[in-house]
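The values are calculated or read from the model by the stated rules, or taken from the named source; none is laboratory data. Keep in mind that this is a model prediction, so the values were computed, not measured. Note: ideal-geometry Cβ built from the backbone for every residue, glycine included; neighbour counts use all protein chains shown. Note: accessible area is taken over every heavy atom of the protein model, side chains too, but ligands, DNA and RNA are not part of it. Shrake-Rupley method; radii C 1.70, N 1.55, O 1.52, S 1.80 Å.
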Amino acid sequence: MMLAGGCAESHADAPQQTASGGQSLSQAERELAQQSGLRRTNIEVDTSYSGPSARSLITVEGTASSEALIPEYIEYMAQVGWSVNDVEPDTGIFVRIRSTPQSIIGAIARMNGWTTATYSPSTGDLKQLVTLPKAAVRQRFGDWPGPPPTTIP
């Protein structure tokens, strides 16, 4: 008898969890790209597998043209990510904001009400990233998928 040490199953045909409301990933990408004050924007939806369990992650990123508006960018980008109705994020929304000089995005998020945000200031790349937990995002924007934002406040 031979035992396999890993899982070789392909998950390429795994169904997406599309919901009504919110907006599609392509709509969210277009909206984000048209937002003044943000350049080099992108939204990624990633699904990883651990055995039969799938984990979905949404990362919203951009380069800030104004360091003073970073709190508003965090809010806006989190809402854009939460409004994507293609896949419900399991852990929350990842927001990556590049700036010059590079601000610690997680510290700014915490100072602006995202008290459970997680981040690491150890490297330049990690300073750009903050994780906004699912419970906090739901509390702020309602059940998934939330409504798309209209503009940066």
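Residue count for region 39-65 under the criterion of being under 20 Å from SER24 (Cα atoms), modelled with pLDDT of 95 or more and either in a loop (DSSP other than H, G, I, E, B) or small (Gly, Ala, Ser) (or both): the result is 1. Any residue at all in region 87-97 that is of a type in the set (D, E, K, R) and in a loop (DSSP other than H, G, I, E, B)? Yes, region 87-97 has at least one match.
Any idea which of VAL87, VAL95 is surrounded by 19 or more Cβ atoms within 10 Å (Cβ to Cβ), at pLDDT below 95 and closer than 17 Å to THR131 by Cβ? Selected residue: VAL87, the only one of VAL87, VAL95 that is surrounded by 19 or more Cβ atoms within 10 Å (Cβ to Cβ), at pLDDT below 95 and closer than 17 Å to THR131 by Cβ.
Consider ALA135 against the criteria (1) buried (at least 16 other Cβ atoms within 10 Å of the Cβ); (2) in a helix (DSSP H, G or I): it satisfies all of them except one. Which criterion is unmet? Failing condition for ALA135: (1). Looking only at region 99-111, decide whether some residue is in contact with a helix residue (DSSP H, G or I) (Cβ under 6 Å, 6 or more places away or on another chain) and within 21 Å of ARG30 (Cα to Cα). No - not one qualifying residue is present in region 99-111. Within region 114-122, does at least one residue satisfy the condition of being open to solvent by 50 Å² or more (accessible area, probe 1.4 Å), part of a strand (DSSP E or B), touching a helix residue (DSSP H, G or I) at 6+ places or on another chain (Cβ under 8 Å) and at pLDDT 95 or above? The answer is yes, given that some residue of region 114-122 is open to solvent by 50 Å² or more (accessible area, probe 1.4 Å), part of a strand (DSSP E or B), touching a helix residue (DSSP H, G or I) at 6+ places or on another chain (Cβ under 8 Å) and at pLDDT 95 or above.
Taking first residues from region 78-107 that are basic (Lys, Arg) and partners that are in a helix (DSSP H, G or I), the Cβ contacts under 8 Å between residues at least 6 apart in sequence or on separate chains come to ARG96/ILE105. Within region 49-69, track down each residue that is under 17 Å from THR91 (Cα atoms), open to solvent by less than 60 Å² (accessible area, probe 1.4 Å) and over 13 Å from the mean Cα position of the chain (by Cα). Scanning region 49-69 gives a single hit, ALA54.
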